[in-house]
Amino acid sequence: MLGFVPPLPQQPGRPPSSGHMIVCGDDALARRLAVELRFIYGERVTLLLPPGRDAGGPETPLTQRGRAAALFGRMSAAMNRAGNANGAAGSGDTNAGVEAVRIMEAPEPSDDVLEEAGIDRAAALALVYDDDERNIRAALTARRLNPRLRLVIRLYNRKLGQHLEELLDQAAAVAMPGIDPALLDASTTVLSDADTAAPALAATALTGSSKIIQAEGLLLRAAERPPPRAGENADPGLCTLALLSSTTNDPAGAEGSDSSGDEAPLLLPDEHTVAAATGRGTVVLEAISRADPDRPATRMGGRGAPLAQVFSRRLRWSALGVALSALALVIASLLTTEDTALHSTYLTLLDILGMNDPAEDAPPARQVIQILSGVAGLLLLPLLIAGVLEAFGTLRTASSLRRTPRGLSGHVVLLGLGKIGTRVLVRLRELDIPVVVVEEDPDARGIPLARSMHVPTVIGDVTQEGVLEAAKIRRAHALLALTSIDTTNLEATLYARSVKPDLRVALRLYDDEFATAVYRTLRTAHPQALTRSRSVSHLAAPAFAVAMMGRQILGAVPVERKVMLFAALEVAGHPQLEGHTVEQAFRSGAWRVLAIDTTPPADRNPDLAALPPYAPEGGGDTVPPPSGLVWDLHPGYVLRAQDRVVIAATRRGLAELLRRQRSAASRR
């Protein structure tokens, strides 16, 4: 049954305007995406939520409408404060003249519901339900109702997402013959919030603070560097992406966010700002290159059934002792007899196995060696029996979860094997980082994957005594608390810190204010330990919003509690890019050109991985090659209309670029 909720100050019942955007979902990602589109890009948005309280959402007494309204209120205040404090993205208010988000309630995005939301006049639709089947069903319905609609779909299943994207694009091509291939390529985008957030979450478990973005075959590697000491000159790398907040080294300080004012991290600063900043760390872009092909996640300890998993260490040492004893007997036989090495080995093995005749007429030395060989044979019999029993036990338990090895240390303890935890587990194993998983539900989504990868897994409630001890938390390097319940993540973190105060910790927390308070408390109590709080919806929403605008998003990287975007843009139609040099196109605090694809548009491949890499030696060449990806850019190179660029941008900066492009197109 359809219900309309009068939103923040908009008049109830007012129909959506042409070109608006619709967001359908049932969790935090839908609400954050609506906020992103409304307060960053200035778009008119209709938010469709299921009625009542969603069981999978964060623990809060607010209703759906109340949660959305509270989130919109907090985010709008934060965005406005950030916009007033940092006007580098351009003049004018992105939110000026834009109505508040229109909120609707309905159990399913059916034909009638989507028509009521204005699907026939909408420019884009985001389907971000937590259920893949519901998103697919709604996408097929929406494509039928409006073939020209831009679709952004949240799917966990990657292969299914690829097939669905091809199917919906074909439907759009049939409905609109002669459509521009570029528009067709952007008509359907399938994303996964788990894939978007997993690299950032996994990076917190690494030694050091490298940030690696790998998307569309492009690998961007950045590093977080501490403030230089007196008399030292920090290596600038390719460019400085961000200045960390001034409170980074303050035990009582908080991670900077959009509402942190002057203490917040500064994204994409110019050289003068970097030189003038003292006592502030930096995030430096070190390299841009093609990524290696995705390699499958490795098992803990190797592939197949390695010897260490079939036979115990004690049994292997015993076998080695028997083998050394046999070798010593062979050597003794060679020294005391005139036999050849091969014949001496043959006789010794027969003696050990009890298959040789008594050496009654042989010299005394040969008789002594035969007796010793018989004793070694007695030792071999229980060893063989133990080996058979252990091998049988290993085969019997091959389909069961692996226990935590006794001597394991320096590993990562991962709490939760839901959608996010499973993707993070794969990412960690791709990096060959040892992991121990703790999961309460034995039928959780990621349990079969953990079993197939032979990852040690502890089944139990992490809040119960002894569960984290079973995961060897005292010898762990880092803790990733990624369950869907904030209080569980916090409780596990507090207990782990009481056991190991210097433990590296990253928490998945929904509420931004709560995350800030938790961060401050943990930093004050344990100033020497690294603490990070992350929201999956906060990391994923910018990528979904960029896709809603019809742009190719490469990745999103967190800089404290801010997010920096990496996107691919066509230069044509951008008055801030076309005809400007790379140096002139740079806008401090808003955007920076990192790389250029100079392939002619007719030969352009949407996948950046297919481009041959190219970098002029010493950065002195102002003329790029006929085709390829140029990442060592000369500041004097003039951007041409046929170029495609890779940019780093703030959310407001990217919104400003797109808004000015639309304004220029409307004037033409």
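The values are calculated or read from the model by the stated rules, or taken from the named source; none is laboratory data. Remember, it's a predicted structure, so these values are computed and weren't measured experimentally. Note: ideal-geometry Cβ built from the backbone for every residue, glycine included; neighbour counts use all protein chains shown. Surface areas here come from the heavy atoms of the whole protein model, side chains and all, with no ligands, DNA or RNA. Shrake-Rupley method; radii C 1.70, N 1.55, O 1.52, S 1.80 Å.
When every residue of the range 630-637 is checked against the conditions, at least one turns out to be among the aromatic types (Phe, Trp, Tyr), modelled with pLDDT of 80 or more and either farther than 18 Å from HIS574 by Cβ or open to solvent by 10 Å² or more (accessible area, probe 1.4 Å) (or both).
Here are some residues: ARG403, ARG396. Which one is within 30 Å of LEU417 (Cβ to Cβ), at pLDDT 70 or above and open to solvent by 50 Å² or more (accessible area, probe 1.4 Å)?
Details: ARG396 fails: at pLDDT 70 or above.
Among ARG403, ARG396, only ARG403 is within 30 Å of LEU417 (Cβ to Cβ), at pLDDT 70 or above and open to solvent by 50 Å² or more (accessible area, probe 1.4 Å).
Would you be able to tell me the number of residues in the range 131-165 that are of a type in the set (D, E, K, R), under 20 Å from VAL45 (Cα atoms) and crowded, with 19+ Cβ neighbours inside 10 Å? Working first, answer last.
Our first condition is that a residue be of a type in the set (D, E, K, R); within the range 131-165, this holds for 131-134, 137, 143-144, 148, 150, 154, 158-159, 165.
Next, from what is left, pick out any that are under 20 Å from VAL45 (Cα atoms): 143, 148, 150, 154.
Next cut, crowded, with 19+ Cβ neighbours inside 10 Å only: 143, 150, 154.
So the count comes out to 3.
Residue-wise test of (1) at pLDDT below 75; (2) out of contact with any helix residue (DSSP H, G or I) (no Cβ under 8 Å at 6 or more places or on another chain); (3) among the β-branched types (Val, Ile, Thr).
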site: PHE514; (1), (2), (3): yes, no, no
site: ALA517; (1), (2), (3): yes, yes, no
site: GLN528; (1), (2), (3): yes, yes, no
site: VAL536; (1), (2), (3): no, no, yes
site: LYS562; (1), (2), (3): no, yes, no
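In the range 31-42, the residues that are more than 18 Å from ALA122 (Cβ to Cβ) and in a loop (DSSP other than H, G, I, E, B) form Cβ pairs under 9 Å with partners that are open to solvent by 10 Å² or more (accessible area, probe 1.4 Å) and among the β-branched types (Val, Ile, Thr), at six or more places apart or across chains, as follows: ILE40/THR94. Checked against (1) modelled with pLDDT under 85; (2) part of a strand (DSSP E or B), LEU594 meets all criteria but (1).
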